[in-house]
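Remarks on the structure that follows.
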Amino acid sequence: GAMVAPKVFDAFGRKITMYSASVLFIIGAALQAGAVNMNMLTIPRLLSGGGIGMLSMCSPVYIAELAPEHRRGQLATLWQLAITTGIVLVSILNIWLAEWDEGWRISYGGNIFFAFVLIGMLGIMPESPRFLVAKGRLDDAKEALRKVRFDDQLDWEMENLNCEVAEERELGVATWK
């Protein structure tokens, strides 16, 4: 998932990549939770791992591109802290679930809830303004910025994004590939 994510999110957008990754994860996790033998865990593990890999690549890019310049580092740190906290909490939960014969199904399937929460949140979040500018969709980029910036910041931010995209194209480093 992490290997293909940059090509996908540069071509189709950050939101559609995170939607797709979430759906891929949901399918994989559901199949894992419903598995009746060890062989039935293999392909679903690859599916959910692919989804997690895509989310791991795309989420910090999306956060950085949506965040105000002075908050990018803080928000990226909070994202990493949330991941680490989640791992610790799930590890503690898994100690308890290990005592129950079917506990592993909750461990795999319970994560589906969080993927649905992400899908729901993406429904109200805008596409990355930087992606939209790079695709020449300037009106859409301004509307996306309007959701996350004050009106007096829009023109400056649009000008800044246009300059960044133009400079990156000129230098030949305009993508995450």
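The values are calculated or read from the model by the stated rules, or taken from the named source; none is laboratory data. Since we're looking at a predicted model, the values are computed, not measured. In this analysis, Cβ positions are derived from the backbone assuming ideal geometry, glycine residues included, and neighbour counts consider all displayed protein chains. Heads up: the accessible areas ignore ligands, DNA and RNA and are worked out on the full protein's heavy atoms, side chains in. Shrake-Rupley method; radii C 1.70, N 1.55, O 1.52, S 1.80 Å.
Numerical summary
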| quantity | calculated |
| --- | --- |
| Any hit, region 38-48, residues being in contact with a Ser or Thr (Cβ under 7 Å, 6 or more places away or on another chain) and either crowded, with 18+ Cβ neighbours inside 10 Å or modelled with pLDDT of 90 or more (or both) | no |
| Subset tally (residues that are in a helix (DSSP H, G or I) and farther than 18 Å from F12 by Cβ) for region 133-152 | 10 |
| Within region 57-78, considering residues that are open to solvent by 60 Å² or more (accessible area, probe 1.4 Å) and touching a helix residue (DSSP H, G or I) at 6+ places or on another chain (Cβ under 9 Å), the one nearest to E143 (Cα to Cα) | E69 |
| Single residue of region 1-23 satisfying the filter (open to solvent by 50 Å² or more (accessible area, probe 1.4 Å) and farther than 21 Å from P129 by Cβ) that is modelled with the lowest pLDDT | M3 |
| Residue among E164, E170 that is surrounded by 14 or more Cβ atoms within 10 Å (Cβ to Cβ), among the acidic types (D, E), assigned to a helix (DSSP H, G or I) and at pLDDT below 90 | E164 |
| Residue count, region 36-63 (criterion: in contact (Cβ under 8 Å) with a residue 24 or more places away in the chain and among the basic types (K, R)) | 0 |
